[in-house]
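The values are calculated or read from the model by the stated rules, or taken from the named source; none is laboratory data. Nothing here was measured: the structure is a model prediction, and the numbers come from that model. A quick note on method: Cβ atoms are made from the backbone with ideal geometry, for glycine too, and the neighbour counts reach across all protein chains shown. The area values use the complete protein model at the heavy-atom level, side chains included, leaving out ligands, DNA and RNA. Shrake-Rupley method; radii C 1.70, N 1.55, O 1.52, S 1.80 Å.
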Amino acid sequence: MDAITGGHGPRQDMDDLAHLLMEQGHCDIKTLDRARRVATESGQRLDSVMIQLGLVSERGLAEAYAALLGTSVVKPDRYPEEPLLPERLTTRFLRTARALPILLDGDTLVVAATDPLDAFTPAAIAAATGKRVVLEVAVPIEIEAAFDRLYRDETAEAETEGGEDDAPLEEDAERLKDLASEAPVIRLVNQLIARAVETHASDIHIEPFEDRLRIRYRYDGVLQEAESPPARLIPAITSRIKIMAKLDIAERRLPQDGRIKLAVRGQEVDFRVSTIPSLWGETVVMRVLDRTAVAFDYAKLGLPAPVIGRLTEALNLPNGIVLVTGPTGSGKTTTLYSGLMSLNSVVRKVVTVEDPIEYQLRGINQIQVKPQIGLTFATLLRSILRQDPDVIMVGEIRDLETAQIAVQAALTGHLVLSTLHTNSASATITRLRDMGLEDYLLTAVLRGVLAQRLVRRLCNACKTEADAAPELIERFDLARRTTKRPLTLWHPQGCPACRQTGYKGRLAIAEFLHPTPDIERLVFAHADHSDIERAAVAGGMATMFDAGLEAALDGVTTIEEVMRSIRAAEA
């Protein structure tokens with residue numbers, strides 16, 4: 001054991017680790033008591049139990065290990081470009097041990113390990129290499145990504161081991177079940193899911209083609225491609241996900257929708273799964289619904305203070321309709337949920353009708369639309385009114401029938417929240433009118449319209465400031481919008497913290513239209529949306545584009561990102 005160093009050694013008192021986890025804020029005393037009881041009953045180590053039950057994140061545990069042993073957590077950029085000592089250490093052993101050599105310095109071999117308290121692994125590596133082994137702590141998702149990169153060929157061989165390389169995969173249900181239950185496939189799917197949660201992706205896109213399976217993750221609204229598994233695993237991976245989502249794996253001709261609930265890296269995460277048949281197999285999209293990664297707070301969404309003030313005033317009214325509009329993926333549901341959370345109290349009955357239910361909200365009655373059995377927005381809305389709710393959220397007003405029932409609900413003393421797919425707040429009024437809603441009903445119930453887009457935030461770690469180009473200043477009249485001289489703008493650069501994109505996170509840019517007497521007169525006159533928008537601006541509304549330029553001048557985003565977001569929605 002003299003050839004191994006790693007702080008206090010492998011036999012560490014779990015009480016010390018538990019104390020560090022509490023001290024670092026990764027868990028509380030109740031969580032620890034629960035884990036200790038399970039560990040005592042099962043005979044497992046406390047740290048293993050906490051991970052299995054999702055009571056602590058793997059990164060949090062890694063940080064506690066490092067503090068306990070006086071070492072550090074390995075950063076992703078420290079993993080080597082090529083395998084170290086591959087002639088002495090086999091891929092199978094390293095993967096099983098979840099340990100990876102990251103640096104060879106003379107007679108010292110630095111090894112990243114997910115379990116630095118395990119005495120066997122460093123002893124075995126020291127015996128196999130004849131080197132002095134120094135342990136550092138690895139975060140599982142990062143060491144798995146390094147394994148996939150360094151030993152990609154061996155991984156593909158292991159995953160197809162035991163099968164006939166040239167034999168076509170049988171497409172019957174039993175064969176698919178067998179394929180999906182094989183350990184390499186289970187591990188691969190778990191890695192895809194864990195990587196999405198760990199890197200804060202919003203979606204996983206799994207797309208089969210003739211010669212490969214393309215995996216893409218969506219970050220801040222933009223897709224990025226990841227390494228592709230072997231094409232021969234397409235049916236197995238798809239079937240594994242369908243089994244997890246309780247879908248019919250034998251049905252490959254029709255679209256299917258399902259849901260998965262998992263403890264991933266110590267976090268309870270929901271996944272919304274959608275499958276659609278395509279030319280080379282089924283395309284699968286998994287929407288990551290991580291409740292811990294979403295803040296139902298207007299300020300954290302990035303909404304400007306004047307918009308928050310007007311929206312709050314509208315939501316505090318006893319009745320009427322408040323609408324949030326924008327294209328798909330513009331954050332409408334998150335804004336509505338934030339509003340619902342502010343209205344949620346013991347004295348109010350709050351009911352939602354959604355398709356689908358994105359997040360489960362405590363204390364709010366949420367109902368899933370099921371058109372195949374006749375549960376549409378309109379039919380559910382009629383039934384809900386008989387239960388005398390105070391606040392109703394309708395996921396989307398899609399047709400005249402739903403719009404008319406929502407109006408009747410507002411006229412009879414209910415506050416109704418809903419969404420529409422329009423490009424601006426003013427276009428919402430003309431859209432409702434085009435649906436067939438009468439002008440007098442529209443003006444009687446409408447309390448406000450919030451239109452929004454999501455734009456990417458500049459990464460604070462790498463953004464750079466430069467003088468604004470004269471053409472930009474003139475084109476967007478920037479000199480009038482700020483007193484700052486010289487007039488500068490911030491630009492993306494790219495660094496490991498933002499995956500080399502220059503952006504990290506998103507914020508909402510928005511406009512809020514409050515119906516004034518002037519706007520009501522224009523509605524009765526059947527004015528178009530541009531006339532209504534001019535009247536709203538004259539009444540004090542800041543347009544969404546103006547909000548975006550303000551954010552760019554403040555160094556939060558870029559003009560290019562604002563233009564991309566607004567133009568993409570209008571295209």
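Here is how the numbers come out for the structure above:
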{"quantity": "Residues located in the stretch 476-492, provided they are among the charged types (D, E, K, R) and touching a residue at least 12 places away in the same chain (Cβ under 8 Å)", "calculated": "Arg481, Lys484"}
{"quantity": "Evaluation of Asp434 against (1) of a type in the set (Asp, Glu); (2) part of a strand (DSSP E or B); (3) under 22 Å from Gly395 (Cα atoms) (one fails), failing number", "calculated": "(2)"}
{"quantity": "Whichever residue in the stretch 484-497 is in contact with a helix residue (DSSP H, G or I) (Cβ under 8 Å, 6 or more places away or on another chain) and open to solvent by less than 20 Å² (accessible area, probe 1.4 Å) and, among such residues, is nearest to Arg431 (Cα to Cα)", "calculated": "Leu489"}
{"quantity": "Any hit, the stretch 539-561, residues being open to solvent by less than 20 Å² (accessible area, probe 1.4 Å), within 11 Å of Val455 (Cβ to Cβ) and part of a loop (DSSP other than H, G, I, E, B)", "calculated": "yes"}
{"quantity": "Residue match in the stretch 475-483 (condition: touching a helix residue (DSSP H, G or I) at 6+ places or on another chain (Cβ under 9 Å), under 30 Å from Thr333 (Cα atoms) and in a loop (DSSP other than H, G, I, E, B))", "calculated": "no"}
{"quantity": "Residue selected from the stretch 383-397 under the condition touching a Phe, Trp or Tyr at 6+ places or on another chain (Cβ under 8 Å) and either free of Cβ contacts under 8 Å to residues at least 12 places away in the same chain or crowded, with 18+ Cβ neighbours inside 10 Å (or both), by the criterion farthest from Leu411 (Cα to Cα)", "calculated": "Gly395"}
{"quantity": "Count of the stretch 417-430 residues which are open to solvent by 10 Å² or more (accessible area, probe 1.4 Å) and either within 18 Å of Thr516 (Cα to Cα) or at pLDDT 95 or above (or both)", "calculated": "3"}
{"quantity": "Among residues of the stretch 231-261, those that are farther than 15 Å from Val285 by Cα and of a type in the set (Asp, Glu), counted", "calculated": "2"}
{"quantity": "The listed residue being modelled with pLDDT of 90 or more and touching a Phe, Trp or Tyr at 6+ places or on another chain (Cβ under 9 Å), out of Arg272, Arg240, Arg310", "calculated": "Arg310"}
{"quantity": "Subset tally (residues that are farther than 14 Å from Ile141 by Cα, more than 27 Å from the chain's Cα centre (by Cα) and among the hydrophobic types (A, V, I, L, M, F, W, C)) for the stretch 49-101", "calculated": "10"}
{"quantity": "Among the residues listed as Leu380, Leu411, Leu441, the single one being open to solvent by less than 20 Å² (accessible area, probe 1.4 Å), at pLDDT 90 or above and aliphatic (A, V, I, L, M)", "calculated": "Leu380"}
{"quantity": "Qualifying residue in the stretch 169-183 (condition: modelled with pLDDT of 85 or more and open to solvent by less than 10 Å² (accessible area, probe 1.4 Å))", "calculated": "no"}
{"quantity": "Sole exception among (1) surrounded by fewer than 23 Cβ atoms within 10 Å (Cβ to Cβ); (2) within 18 Å of Thr199 (Cβ to Cβ); (3) at pLDDT 90 or above for Ala138, by number", "calculated": "(1)"}
{"quantity": "Selection from the stretch 294-325 of residues that are outside any helix (DSSP H, G or I) and either touching a Pro at 6+ places or on another chain (Cβ under 7 Å) or over 16 Å from Val394 (Cβ atoms) (or both)", "calculated": "Val294, Ala295, Phe296, Asp297, Gly302, Leu303, Pro304, Asn316, Leu317, Pro318"}
{"quantity": "Selection status of Ile234, at pLDDT below 90 and more than 25 Å from Glu354 (Cβ to Cβ)", "calculated": "yes"}
{"quantity": "Subset of the stretch 501-521 (residues that are more than 30 Å from Tyr219 (Cβ to Cβ) and open to solvent by 20 Å² or more (accessible area, probe 1.4 Å))", "calculated": "His514, Pro515, Thr516, Pro517, Asp518, Glu520, Arg521"}
{"quantity": "Matching residues, the stretch 307-344, being of a type in the set (Val, Ile, Thr) and either more than 22 Å from Arg506 (Cα to Cα) or open to solvent by 20 Å² or more (accessible area, probe 1.4 Å) (or both)", "calculated": "Ile308, Thr312, Ile321, Val322, Thr328, Thr333, Thr334"}
{"quantity": "Residue in the stretch 197-218 that is nearest to Arg272 (Cα to Cα), counting only those that are open to solvent by 20 Å² or more (accessible area, probe 1.4 Å) and hydroxyl-bearing (Ser, Thr, Tyr)", "calculated": "Ser202"}
{"quantity": "Within the stretch 455-473, considering residues that are free of Cβ contacts under 8 Å to residues at least 60 places away in the same chain and within 23 Å of the chain's Cα centre (by Cα), the one most open to solvent (accessible area, probe 1.4 Å)", "calculated": "Asn460"}
{"quantity": "Any helices (runs of 4 or more DSSP H) falling wholly within the stretch 1-107 and containing at least 3 residues that are over 19 Å from Phe120 (Cβ atoms) and modelled with pLDDT of 85 or more", "calculated": "58-69"}
{"quantity": "The stretch 349-375: number of residues that are at pLDDT below 90 and either part of a loop (DSSP other than H, G, I, E, B) or of a type in the set (Lys, Arg) (or both)", "calculated": "12"}
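Let's see how each residue does on (1) among the basic types (Lys, Arg); (2) open to solvent by 20 Å² or more (accessible area, probe 1.4 Å); (3) more than 23 Å from Ala542 (Cα to Cα); (4) within 35 Å of the chain's Cα centre (by Cα):
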{"site": "Leu415", "(1), (2), (3), (4)": "no, no, yes, yes"}
{"site": "Leu446", "(1), (2), (3), (4)": "no, no, no, yes"}
{"site": "Arg453", "(1), (2), (3), (4)": "yes, no, no, yes"}
{"site": "Phe476", "(1), (2), (3), (4)": "no, no, no, yes"}
{"site": "Arg499", "(1), (2), (3), (4)": "yes, yes, yes, yes"}
